[in-house]
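Let me begin by presenting the structure, written as structure tokens, before commenting on it.
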Amino acid sequence: NWQLMPHAVNSPDNRTLWEAKRISDAAVHPDTGEVIPRPFRMSGYLFYNGPVAVAMVASQSTLPLLFFSWINQSQTALVNYYNRNACAPMSNETL
């Protein structure tokens, strides 16, 4: 029982284990156990999608705007896919 060993709660090994758990929880999907690629993690959304959003706003013609809009929608769809609820699948009939 951890309450009987108060010195172990703040030990360096315990802090290291909690930090490893935090990193693992951020990188591994809780339902499937698969590693989520960095561009599609919620913590990486701003860093990977931010430049695309700036490029969309800065576009001065239709073709670049369409291209960056496509990139933006693709990246958003993949973020939603990789962070989906995988423990309760939805049938085609429900959709």
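The values are calculated or read from the model by the stated rules, or taken from the named source; none is laboratory data. Keep in mind it's a predicted model, so treat the numbers as computed, not measured. For neighbour counting, all protein chains shown are included, and Cβ atoms are generated from backbone atoms with ideal geometry for every residue, glycine included. Quick note on the areas: whole protein, heavy atoms, side chains included, nothing else; ligands and nucleic acids left out. Shrake-Rupley method; radii C 1.70, N 1.55, O 1.52, S 1.80 Å.
Couple of notes before you dig in:
- Among residues of region 45-71, those that are closer than 27 Å to Ser24 by Cα, open to solvent by less than 50 Å² (accessible area, probe 1.4 Å) and out of contact with any Pro (no Cβ under 9 Å at 6 or more places or on another chain), counted: 1
- Contact annotation: residue pairs with Cβ atoms under 9 Å, 6 or more positions apart or on different chains, pairing a residue in region 51-64 that is part of a loop (DSSP other than H, G, I, E, B) with a partner that is open to solvent by 70 Å² or more (accessible area, probe 1.4 Å), are Ser59/Leu65; Ser59/Leu66; Ser59/Phe67.
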